[in-house]
Amino acid sequence: MIDGPTWVFGYGSLIYKVDFPYLERRNASIEGWERRFWQGSHDHRGTPEAPGRVVTLIELPGARCRGVAYRVEPEVFEHLDHREKNGYDRHWLPVTLDGAAEPVDGLIYVARPDNPAFLGPASLDELAAHISEARGPSGSNRDYLLALARALHGLDSYDPHVHELAERVDALLVPSGAS
């Protein structure tokens, strides 16, 4: 049970689609995790018949994932739990706020491989083909990817998985012969 203001770390759409109230927002990072487009989206960027792909975190020693941390009141988690309902679970971990001497305890939403919507790894070319075609109630999967890439750029953060994938998706959508 959460009984007071709590930090939540956003590494995907929570960076750029802030549809919840917060007390404080800080650029932040977590250690030992990296984002991957391995989670299926049946409810936002795809459909049950044709799921899109959204990011989750995978553990990787030595990795560092940049994002944004929000300090929120406990009642905000009702909204966040609903938003992240398609296979994500909450996990506590240390979150390093930019400029802070010590990490804070924070919550993240992670889609583990044993959830029913998990799609798993694929090559960047396979991911790009999938993302370029997927669409759901919240819009195209491509828009999600490109918004995330722009948001990370705004944090002065280069994520090879996200940025290389965005380049491949863009290349798929350029008409042949165009320059």
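The values are calculated or read from the model by the stated rules, or taken from the named source; none is laboratory data. Since we're looking at a predicted model, the values are computed, not measured. Glycine also receives a Cβ, built like all others from the backbone with ideal geometry; neighbour counts cover every protein chain displayed. Remember, those area values only see protein heavy atoms, side chains included, never the ligands or the DNA or RNA. Shrake-Rupley method; radii C 1.70, N 1.55, O 1.52, S 1.80 Å.
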Residue match in the range 88-100 (condition: polar (S, T, N, Q) and open to solvent by 30 Å² or more (accessible area, probe 1.4 Å)): yes
Checking L127 against (1) at pLDDT 95 or above; (2) open to solvent by less than 20 Å² (accessible area, probe 1.4 Å); (3) under 30 Å from V72 (Cα atoms), the condition it does not meet: (3)
Per-region count, the range 71-87, residues under 21 Å from F37 (Cβ atoms), modelled with pLDDT of 95 or more and surrounded by fewer than 17 Cβ atoms within 10 Å (Cβ to Cβ): 0
Subset of the range 163-179 [out of contact with any strand residue (DSSP E or B) (no Cβ under 7 Å at 6 or more places or on another chain) and at pLDDT 95 or above]: H163, E164, A166, E167, R168, V169
Restricting the range 1-29 to residues that are under 13 Å from the mean Cα position of the chain (by Cα) and among the β-branched types (V, I, T), the residue that is most open to solvent (accessible area, probe 1.4 Å): V18
Residues located in the range 131-143, provided they are over 14 Å from H161 (Cβ atoms) and either at pLDDT 95 or above or surrounded by 13 or more Cβ atoms within 10 Å (Cβ to Cβ) (or both): S132, E133, A134, R135, G136, S138, G139, S140, N141, R142, D143
Number of the exception - S157 against (1) in a helix (DSSP H, G or I); (2) farther than 16 Å from F37 by Cα: (1)
Residue check for V68: out of contact with any Lys or Arg (no Cβ under 8 Å at 6 or more places or on another chain), in contact (Cβ under 8 Å) with a residue 60 or more places away in the chain and surrounded by 15 or more Cβ atoms within 10 Å (Cβ to Cβ): no
